[in-house]
Ligand SMILES: [Mg+2]
Ligand SMILES: [Zn+2]
């Protein structure tokens, strides 16, 4: 029995029936992480002591039969951009290399309250800026399916750790595909929830109006379970919906017969890898067999999604990253600093990687006097059109179906020289974030022995349908059960 | 509209975001920025007459806090992360333009 | 021929709002009472990574109240924006403010182009309507203490709600600017949104000044004088800048647009060129805060809380109650004082002028001496009215009333009860007073002789003896009559 590869509910049963304790499970997971992770580098920090302490507490709850949740005693990993009090939180940036937050993110608190066990913090593109995890200031994370390939980004570490069985679920963050893309590359299930569904308090912001924390799991059912735990209104995040969280597992298992799938025609034009396209076509046939109605829909402004996404990202990021100035926390470079300006210039010069520098400078450009209307404001207007595209398309169908990425995981170093080409790998995932709608990525087959991801995009706040339809697919296929041999 | 972002513009935006960069870096970024901005100019094709910018569309209803005082965090904990502190203050070098 | 120049002045006024907690977090906003630096802080107001703002409801109410008081339109849809710049007192690298859609805009305030009169004139100078361009909400910065080679930062003030009131450049004299600033301060205090305590820095002015030839309606290049922390600094800095710019033009030069500081010691404005390049603030809508939607019902609710403003109330006190302009202005200078006065007036049977003279005289003197906040008074307007009425109907003498008031300030209580306990009921019984007078005149033959020799002022001294002998209970009018009669009787 290989515990790390079980689903949350399978482990939950083992814990409830006392076949295993959380401490045993946690020890096994930590041991596996220490053994295997040096090959893939998914963790920035492994939190042995904290994990064992949380596991011990979970076992206490299980023994007393008190405060037991579906996540009690379950080991998980978390992207290193979510604040953990007393545990360093780096955003994989040199500027936060030794930063230990004084407070917990709301999500961190919710998971701790649910009894989940934090194994460690995972690698990412610096501040989430990247699509391959190669922009980490510390090291590259490798794809467990092929160590010469990227795991995708920016939540590459969280996806790789999940894929390699170094945790039983992980928490990623999706600004423009950062959960879905690596989930697709690494053969795990991952969701970007509706914007405002999960609190961002304590999430180190990249793009405040796009960022969504979302889980990565073995399957859709687990994904629903974790999202139920972390979702909900937060008095500390004014952008969260003040609505009750539905039971996301409720519709799971219900028939999808008669439900409709929209295929956005703009997503099936050119540039898609043949094996990706055939996998997606196969998935569509699977749904047809389940009695779902498939029809073509249009998202006419799709080609503008990428410039809108990147313009707004640059603009908001340039402002969000201003607080890293070397005066209150994090790296501070003050070599012969004659005034505070020197600290700003030197700290940010040494603390930020090239991609971060590029993006915050371009963001300042897009917001600066004389260019605001042409870039920032224009992008916000086209963003309205992108939202309308999704609203209109989704008014006729239950969900949209598309590939997560045009290709499978590419080689490490393959796209690092040309930033624009790297941006293009996000082509199918970025539009949902400016639009705010939820999207679920599921394993959907293989192309040249590398995993293919499929994306289901839903209506605002309709995560339930995504889980229901995603689960139906996973009852028919076993792609999500395939594991890398590592 | 074709526009190149020259090294002076790069240096100007670097100043705006307080980033120390060298001439060589300015040169390198200038080339990259020009092609990225050129790509962004594709948005000019879109007719956005009478379109409300998305930032003005509220997702949620008003979320307001009651005016209630909550306990503050500990000063020691706050200052523990500060590179320099003195007498309970965060300390920084002289600020240019101030007496 | 050289033209003569006139100034064109606009003011930006920053006033902290009197909320309990900060603008975007639950830390106490009362940084003035914090004994130590960095004790009123949290992840939000120190800009820690991941922290997010949440709007203080009370601050929006107070801001709207000010907007309405200044005759502004409240924007039913208003947005927060980020103003991006780097400075060690700005923890996030941006200030959350309002830019395109502030909470209130397009208002006005009537002022006079001479300062507020002190005496009994109704008003001074010409009346002028200054347009208020906008009123917006923002957050205050941290406090910096500049040392020789370093600066020390205290974040207790960071995030305290701040209101910015921006006028149009409608003022043509320094006096007009002074009157505008004075009236804004009075209104803020009156609404209870700001203490007006300029020494504590809760109210700061910024003057935008340009000059132009008289008769022209062009707007020439202006300069901004920042951080004027007193009326005196506002007046001196504006006057200095007007003169400086006029000379520049007279010498054929051009004024450059720049930010200036005011050197109070040397009495000159100084360029702050260091800050110039940072002036591209790259405003954009604050993505962490959804726009505020203020319903008509909400705006009406705030409007219903709007008290009658000092100016209107002053005029009513003059017209309806018959107070002198100086008295009326005094009583309306504080909302609570004016309210208290009106409550006393409503309960008292005495004439308004009498009530007022007790309010302005003894009442204020005790209030100041005992350093009690008027809001913490232990006796009600009814009790005070009763006390004044007892003087009016001659139940007690003025002197006794002072003693009673003293007691009320110390221990509270019912004036009738105190009068009874202290046995202060005024005596008009002529026999009792007569007896006392005869004794005093008998004991003081030298003073009687002086009176008879023509020194009439000695009566005052003798009255004092009567008051002492009767322990203040003698009705002074009766006593004086009897005293004069007794003295005249000795003339024969
Ligand atoms: Mg301001
Ligand atoms: Zn605070």
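The stretch between residue A:20 and residue A:34, if pulled fully straight at 0.36 nm per residue, gains 3.0 nm over its current Cα-Cα span. Taken as Cα centroids, segment C:145-182 and segment A:44-74 sit 53 Å apart, rounded to the nearest whole angstrom. When only Cα pairs below 8 angstrom with a gap of at least 6 residues are kept, chain C shows a relative contact order of 14 percent.
The relative contact order of segment C:430-491, computed from alpha carbon pairs under 8 Å that lie at least 6 residues apart in sequence, is 47 percent. log10 I(q)/I(0), Debye, Cα-only segment C:347-393, no solvent, q = 0.15, 0.16, 0.20, 0.22 Å⁻¹? Ignoring solvent entirely, the Cα scatterers give -0.38, -0.43, -0.65, -0.77. Just so you know, the Rg over Rh for segment C:2-143 is 1.07, from Cα atoms, with Rh as the Kirkwood radius. Shown is the FRET efficiency for residue C:455 and residue C:420, computed with R0 = 45 Å from the Cβ-Cβ distance and rounded to the nearest 0.05: 0.65.
Taking 0.36 nm per residue of sequence separation and removing the Cα-Cα distance, the residue C:306/residue C:57 pair yields an extension gain of 87.9 nm. Relative to the longest principal axis of the C-alpha atoms of chain C, give the angle of the C-alpha long axis of helix C:335-347, reported between 0 and 90° and rounded to the nearest 10°. It works out to around 30 degrees. Stretching the chain fully between residue C:446 and residue C:320 yields a gain of 40.2 nm (0.36 nm per residue, less the alpha carbon separation). For segment A:339-415, rounded, prolate or oblate, judged on the Cα gyration tensor with a ≥ b ≥ c (square roots of eigenvalues), a/c < 1.5 rounded, else prolate if a/b > b/c? It is oblate, given that a/c is not under 1.5 and a/b is not larger than b/c. Across chain A, the fraction of Cα-Cα pairs farther apart than 35 Å, rounded to a whole number, is 26%.
Can you give me the convex hull volume of the Cα atoms of segment A:188-254, divided per residue and expressed in Å³?
It is 88 Å³ per residue.
The simple spin-label model puts a point 7 Å past each Cα toward its Cβ; for residue A:243 and residue A:421 those points are separated by 4.2 nm.
For segment C:80-98, the residues whose amide N sits under 15 Å from a probe point set 7 Å from the Cα of residue B:56 along the beta carbon direction are C:80-81.
With the convex hull drawn around the C-alpha atoms of segment C:310-422, the volume per residue stands at 90 Å³.
Taking Cα atoms only, the orientation of helix C:398-411 departs from the longest principal axis of chain C by about 50 degrees.
Here the Debye sum runs over all C-alpha atoms of segment A:80-175 as equal scatterers in vacuum, and log10 of I(q)/I(0) at q = 0.11, 0.24 Å⁻¹ comes out as -0.30, -1.26. The calculated FRET efficiency for residue B:22 paired with residue A:270, based on their beta-carbon distance and R0 = 45 Å, is about 0.70. Calculation over all alpha carbon pairs of segment C:430-491 in 10 angstrom steps from 0 returns a P(r) of 23, 63, 14, 0 percent.
Centre-to-centre separation between the Cα atoms of segment A:95-118 and those of segment A:1-28: 23 Å. Measure nothing fancy, just the Cα-based angle from helix C:430-443's long axis to the longest principal axis of chain C, in degrees from 0 to 90, nearest 10. Orientation of helix C:430-443: about 80 degrees from the principal axis. Give, as ranges by residue number, the residues of segment C:207-222 whose backbone N falls under 17 Å from the point 7 Å along Cα→Cβ of residue C:126. Backbone N within reach: C:212-218.
Set the Förster radius R0 to 30 Å, insert the Cβ-Cβ distance between residue A:282 and residue A:396 as r into 1/(1 + (r/R0)^6), and round the FRET efficiency to 0.05.
With R0 = 30 Å, the Cβ-Cβ based efficiency is 0.80.
The C-alpha radius of gyration of the protein assembly as shown, expressed as a fraction of 2.2 N^0.38 Å, stands at 1.19. Comparing Cα centroids, segment A:170-246 and segment B:10-24 end up 35 angstrom apart.
In terms of Cα atoms, the Rg and Dmax of segment A:281-333 work out to 22.1, 62 Å.
Go ahead and collect, in residue order, the members of segment A:269-306 whose backbone nitrogen is under 19 Å from a label point 7 Å along the Cα-Cβ direction of residue A:388. Hits in segment A:269-306 for residue A:388 at 19 Å: A:297-306.
Just want to confirm a number: the relative contact order over segment A:163-291, from Cα pairs under 8 angstrom separated by 6+ residues, in percent. With pairs under 8 Å counted, the relative contact order is 21 percent. Just so you know, the Rg over Rh for segment A:126-256 is 0.99, from Cα atoms, with Rh as the Kirkwood radius. Sorted into 20 angstrom bins from 0, the C-alpha pair distances of chain C split as 19, 41, 25, 13, 2 percent. Does segment A:3-257 come out rounded, prolate or oblate, given a ≥ b ≥ c as the square roots of the eigenvalues of its C-alpha gyration tensor, rounded meaning a/c under 1.5 and, failing that, prolate meaning a/b above b/c? It comes out rounded by the Cα gyration axes. Name the shape class, rounded, prolate or oblate, that the alpha-carbon gyration tensor gives for segment A:358-486, where a ≥ b ≥ c are the square roots of its eigenvalues, rounded holds for a/c under 1.5, and otherwise prolate holds if a/b is larger than b/c and oblate otherwise. It is oblate, given that a/c is not under 1.5 and a/b is not larger than b/c. Shown for segment A:271-419 is the translational diffusion coefficient from the Stokes-Einstein equation, using the Kirkwood radius over Cα pairs, a temperature of 20 °C and a viscosity of 1.002 mPa s: 111 µm²/s.
Readers should treat all values here as calculations from the given coordinates under stated rules, not as data from a laboratory. On a predicted model such as this, the values are computed, not experimentally measured, just so you know. No Cβ is skipped: glycine too gets one built from the backbone with ideal geometry, and neighbour counts run over all protein chains shown.
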